[in-house]
1. How far, in nm, would the chain grow between Thr39 and Gln196 when pulled straight, counting 0.36 nm per residue and subtracting the alpha carbon separation?
2. Test of understanding: extend the Cα→C-beta vector of Asp105 to 7 Å, then name every residue of segment 127-170 with backbone N under 12 Å from that spot.
3. What full-extension length gain, to one decimal in nm, is calculated for Ala203 and Asp352 as 0.36 nm per residue of separation minus the Cα-Cα distance?
4. Only four residue types carry charge here, +1 at the Cβ of Lys and Arg and -1 at the Cβ of Asp and Glu. Report the dipole size of the chain about the Cα centre in Debye, rounded to the nearest 20.
5. 7 Å from Cα along Cα→Cβ at both Ala121 and Glu85: what's the point-to-point distance in nm?
6. Probe of 1.4 angstrom, ligands and nucleic acids ignored: what's the accessible area per residue over segment 2-149, in square angstrom?
7. First obtain the Kirkwood hydrodynamic radius of segment 1-92 from its Cα pairs, then insert it into the Stokes-Einstein equation at 37 °C and 0.692 mPa s, and state the resulting D in µm² per second as a whole number.
8. Taking the Cα atoms of segment 95-170, report the difference between the largest and smallest coordinate on each principal axis, in whole Å and largest first.
Amino acid sequence: MTGTVSVDEARRLIIEAVAPLPAETLGLDEAAGRVLAETVRAQIDQPPFDASAMDGYAVRLSDCAVGARLRVIGEASAGGRFRGEVAAGTAIRIFTGAPVPVGADHVLIQEEAERSGGAIAIKAAQAGAANIRRAGIDFERGAVLGEAGDRLTGARLALIAAGNVTSLSVAQRPRVALIANGDELVLPGATLGADQIVCSIPAGLGPMIHSWGGAPRFLGIARDDPADIAALIDRARGFDLVVPIGGASVGDRDFMRAAFEAAGLAPIFEKVSLRPGKPTWFGRLGASFVLGLPGNPASALVSARLFLKPAIKQMLWRSGDEQVVMARTLALLGANGARETFLRARFSGDDDGVTCVTAFADQDSSLLRVLAHSDALIRRPANAPQCSAGALVPCLRI
């Protein structure tokens, strides 16, 4: 399929075209931030034994009448269990994390016991058996600790480690090549000529791609010359995703998409009915997918949020519906035109706890300052009527 498509159609075509990448096996210490490619199950119960939750005395609850005296016959510490049995009238000094000895069904906290030599006296009434973490209370052997598509956060890795799992099958990171284009562009830090501007979009795309789970690499700036673009296309072969920036409009010096087509691109769509971001295009070049982004900074970064993120998620076994936030607009929104529009905006909260959002007044597609202060995109359907302040509007988080 080629031509101009809607935002939803573009996202659908991307997700249908892109397949999850093969898995690789990593150790726990290498897996932070990666995405599971298969289910992980616990190899043990956690905790693996009944454990004391407090420092105190392991006792029988039936012996715990106020004033009763119990003989202390031993001690249990974390990593050092008491090997005997708690019989009637006896107690074991126990510390947090220690295995609860056979015969005990309650841990009397040390503040409610008075120690005198080899015995304790019960100082307070006990409401019931307490202060014991039962074996498997966190999870049992065979329990699911992670599923394909789960991002491996610190908490998730701690859970998996507690299940005595040492290696994980994770999706390979999508390798994403970035290619900028334009005679007017120079790298940050360069001395600008009279007609030049700084190439800023790759500096923003790189961290975004990394946060979504990809591995970005900026290949450089191609001049407005088909041969120069073709040289960078050759360098990009073998990457999972290639992201050319700019050069896709209808001007006499917009050579980017034509250069990809000359290299063998099979187009899937050519434009999106979107503001900002109409010159977004997508296709396949050999084993690589190509997502062309507009040259205006805000257009490129908004389009990346809408289309590059789901492509990377699909490669990482993390496909799923986009989470939409319904928020109350604090300002009137004008009627929309024929293209679906995503307004850069900022979330806030009001007195009754409803999430609120305010669109920035200036939505020019060249403005990075506005985008840097935005954490939301208000989604305005094509031909939407004017929207009054106070109405609920669908938003995406940036």
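1. Contour length minus Cα-Cα distance gives 51.4 nm.
2. The answer is 128-130, whose backbone nitrogens lie closer than 12 Å to the label point.
3. The Ala203-Asp352 span can extend by a further 49.8 nm.
4. 340
5. 3.1
6. Ligands and nucleic acids excluded, the figure is 50 Å² per residue.
7. Roughly 164 µm²/s, to the nearest whole number.
8. Each principal axis gives a Cα extent; for segment 95-170 these are 57, 20, 20 Å.
The values are calculated or read from the model by the stated rules, or taken from the named source; none is laboratory data. Since we're looking at a predicted model, the values are computed, not measured. For neighbour counting, all protein chains shown are included, and Cβ atoms are generated from backbone atoms with ideal geometry for every residue, glycine included. For accessibility, only protein heavy atoms count, side chains too; no ligands or nucleic acids. Shrake-Rupley method; radii C 1.70, N 1.55, O 1.52, S 1.80 Å.
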